[in-house]
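Nothing in this text is a laboratory measurement; each read-out follows from the coordinates by a stated rule. The structure displayed is predicted, hence computed values, not measured ones. Ideal geometry is used to build each Cβ from the backbone, glycine not excepted, and the neighbour counts take in all protein chains shown.
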């Protein structure tokens, strides 16, 4: 059974902001790794091929997440798809903190981060659209949240790597904190689709269901995510 849209009354003022914060947090976790490559190469004596392999692992997990997360959330709902991967995003960062000099741990962490990014970005973009009081602005809201995460994550990580002790651990601490805050904010966010119910005929006052990708694809944050992260 496909999911159907829940009437617009589930929206509360600013509820889309909770999902946007989650997108910001996951975007932070996606790109925070990039400025630390010099540290990893120096500390672990990694070759250029090994570094490229770590990027490939991230991209290999990102792409299936983008392709699968959105359609699955169309069927079973946004919340059961987005929330678990918002929880897993800071856990992927915690793995980097606990195994900073273990290449298998780093690779596993980046794979998990890529999967979280792909699943959350597509599904959360649709969730923001459904929760927005101004659907025309929803794509912009999602894009701003992702872009801010992409920008602040590596910026803060690079500053901490340069000036703080233990450059392979402390630069990740802000994302763990922000990720936990995002989970707490996202928890009470209302669901916007109802799983297991055959789509009824359009009734008076019912909002049309929005599938993933959203109906307004320009700008399309999930595709921007794919381009930005594969080349991170």
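Assorted remarks:
- From the alpha carbon centroid of the stretch 121-181 to that of the stretch 28-48 is 19 Å.
- Note on residue 148 and residue 68: their simple-model spin labels are 3.0 nm apart, each label 7 Å out from Cα toward Cβ.
- Sorted by Cβ density within 10 Å, fewest first, the residues 183, 128: 183, 128
- Distribution of pairwise C-alpha distances over the stretch 117-183, 5 Å bins, in %: 3, 15, 19, 21, 15, 11, 8, 5, 2, 0
- When 43, 191, 130 are arranged by Cβ crowding within 10 Å, least crowded first, meaning fewest neighbours, the order is 43, 191, 130.
- Computed label-point distance, nm, for sites residue 43 and residue 180 using a 7 Å Cα→Cβ extension: 2.1 nm
- Exposure proxy for 28, 163, 187: other Cβ atoms within 10 Å of each Cβ, ordered fewest to most, give 163, 187, 28.
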